[in-house]
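Participant: Okay, handing you the structure first.
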Amino acid sequence: MDKKIDLVYLWVDGNDKKWREAKKYWQEKESGTKKLDNESTCEARWRDNDEFKYSMRSVAKFAPWINHIYIITCMGQRPKWLNTKNKKISVIDHTQIMPPDALPCFNSKAIESCIINIPNLSEFFIYSNDDMFFGRPLTPDYFFDKNDNPIVRICRYRRKPEYSMYHANLCHIDQLCKSLFGTSFPTYNPNHNIEPYRKSHIKNLISNPIINLYYQSTIRTKFRNEFNLQRWMFSLFDIVRGNAVVRRVHAPKTYSRWLYNFIHKINGDFKYAAAYTTNALKSNLLKHRPALFCINDVDGVTDADRIDNLYFLELMFPEKCEFEK
C-alpha cells in the first residue's frame, strides 16, 4: 500500500434528548412551509441499534490498513463504548465541517457533502454508514485501482421516481449529470455500501458553478429531499471524466438488505426464531463470504427484529476491538 486511506462514518444518537428536541422543533417548523417526505423524517433513519460497534469490529478484523477513522457526530455526542483515546480515531462535530447557517442539520446528504471539509482528511478515503460491514479481509486495491482511481460498484436496475424519494433523487442526479456532461446512466445505481472517493475529485466537481448552487442549497437543507445533491453525483462525475473503474455487483458478492427482509420471520417462540434466523444468516454469509454487507433499519422493523439482528452481529463479530473502551 503506497497511499493513506481514511475511513469516514456518520453516526448519531437518535435517543439523545437534546438532539430529539432540536429535531422536533425544526421538523415542525419545516413542515409549516412544505411537506416533508416520511423518508426524510422517519425514526428508523436515526435509530441507534448498536450496529456501529460491530461495524468497527469488522474494520479492525478485516481492514487493519485503514490509516485513520473519522466519526462525524453532532451536539457533542459520542458512542458510549467508543475508545476516544485511540489515536486512530477522531470525532468530528458538524460545527467543524458545516457553515453556521446550516446547523442544526438532520440531512445525511448535506452532511456527506461536507466530508471534504474534515481537517487533515486524506486525499483517498472510503465512506461508510454505521450499518455497513466488512465481510472478509480486503486490501486497498478493492477500493482503488493501480492508477489511484476509485472503483465504483453499481447495481443495475431501472429506477422509478414514483416508487420513493430515494429513486426520485437518483433520477434527478442522473438528469443533472446529462444536462451538464451530456451523459446519462439510467440503469446505474449506488450499491449502498462502503464506497471510495478522492477529495480532490469532489472539490473539482463542486467548483462547477451549477453544481455549486446545488451544493450550497443541499448543505442548508435541514431534511433531505429529492432535489438534494446526492453523493452518487461524485461517483458519476468520476465515471464521466474517466477517473473511475465501474464494476457491477451481483448478489451474493455483496449484500444490502432491509433488516426485515434480511431476517427471516418465524411464527412461534422468539428464542427459537432468533436461533434459527441468526444461524441461517450466518451460514449464508459464511458460505458466500461477501466482501461487504449492509443491514438497513427501516419503518416496519420490530424490536424483536432488532434484538435478533444484534444477536446475529454478536455471532459474526464476537471479539472486542481496539476501538472500544
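Participant: How do the pairs read when you match residues in the range 1-15 that are closer than 20 Å to I89 by Cβ and among the acidic types (D, E) with residues anywhere that are open to solvent by less than 40 Å² (accessible area, probe 1.4 Å) and in a strand (DSSP E or B), using Cβ under 9 Å and keeping only pairs 6 or more apart or on different chains?
Facilitator: Taking only residues 6 or more apart or on different chains, the pairs are D6/I69; D6/Y70; D6/F124; D6/F125; D6/I126; D13/T73.
Participant: Consider M165 against the criteria (1) closer than 22 Å to I116 by Cβ; (2) in contact (Cβ under 8 Å) with a residue 40 or more places away in the chain; (3) among the aliphatic types (A, V, I, L, M): it satisfies all of them except one. Which criterion is unmet?
Facilitator: (1)
Participant: Let me ask something additional. Can you confirm whether R198 is crowded, with 18+ Cβ neighbours inside 10 Å and either touching a residue at least 60 places away in the same chain (Cβ under 8 Å) or among the hydroxyl-bearing types (S, T, Y) (or both)?
Facilitator: yes
Participant: L82 - would you say it is under 25 Å from K17 (Cα atoms), in contact with a helix residue (DSSP H, G or I) (Cβ under 7 Å, 6 or more places away or on another chain) and either in contact (Cβ under 8 Å) with a residue 60 or more places away in the chain or aliphatic (A, V, I, L, M) (or both)?
Facilitator: In short, no.
Participant: Would you be able to tell me the number of residues in the range 28-40 that are outside any loop (DSSP other than H, G, I, E, B) and in contact with a helix residue (DSSP H, G or I) (Cβ under 6 Å, 6 or more places away or on another chain)?
Facilitator: Of the residues in the range 28-40, 1 are outside any loop (DSSP other than H, G, I, E, B) and in contact with a helix residue (DSSP H, G or I) (Cβ under 6 Å, 6 or more places away or on another chain).
The values are calculated or read from the model by the stated rules, or taken from the named source; none is laboratory data. Quantities reported herein were computed from a predicted structural model and do not represent experimental measurements. Positions of Cβ are backbone-derived with ideal geometry, glycine not excepted, and every protein chain shown enters the neighbour counts. Accessible surface is based on the protein model in full, side chains and every heavy atom, while ligands, DNA and RNA are left aside. Shrake-Rupley method; radii C 1.70, N 1.55, O 1.52, S 1.80 Å.
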